[in-house]
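For reference, the structure is listed below as structure tokens.
None of the figures in this text is laboratory data; all of them are computed from the coordinates on show. Note that the coordinates shown come from a computational prediction; the quantities given were computed from them, not determined experimentally. In this analysis, Cβ positions are derived from the backbone assuming ideal geometry, glycine residues included, and neighbour counts consider all displayed protein chains.
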Amino acid sequence: MAFLDRSPFLRPIIEVGYAMFIVIILSAIVGLILAFPVMWLWNYVFLTFPNLHINVFQAWALNVLTGILFGKTSGDRRR
């Protein structure tokens, strides 16, 4: 890509955009992998209720929601 060699400002922007894209994709994959134990535990606990089984994307959303509601906040800093 000869155009990137001639443009000193475009190359860093593309590199940062590419790095952000990789981070977003990797965090989505890790989030989906971590959603499987949530799904399995939910389906095991609510085994007696036939209509309460969830799929992996619902488990992922449940995992994100509990992280938002019960996660640590950064406002608890001590000086």
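Quick notes
- Cβ-based exposure ranking for 65, 10, in which fewest neighbours within 10 Å come first: 65, 10
- 20, 39 arranged by Cβ crowding within 10 Å, fewest neighbours leading: 20, 39
- Our estimate of slack between residue 69 and residue 44, defined as 0.36 nm per intervening residue step minus the Cα-Cα distance, is 6.7 nm.
- Measuring r between the beta carbons of residue 58 and residue 19 and using R0 = 35 Å, the FRET efficiency lands at 0.70.
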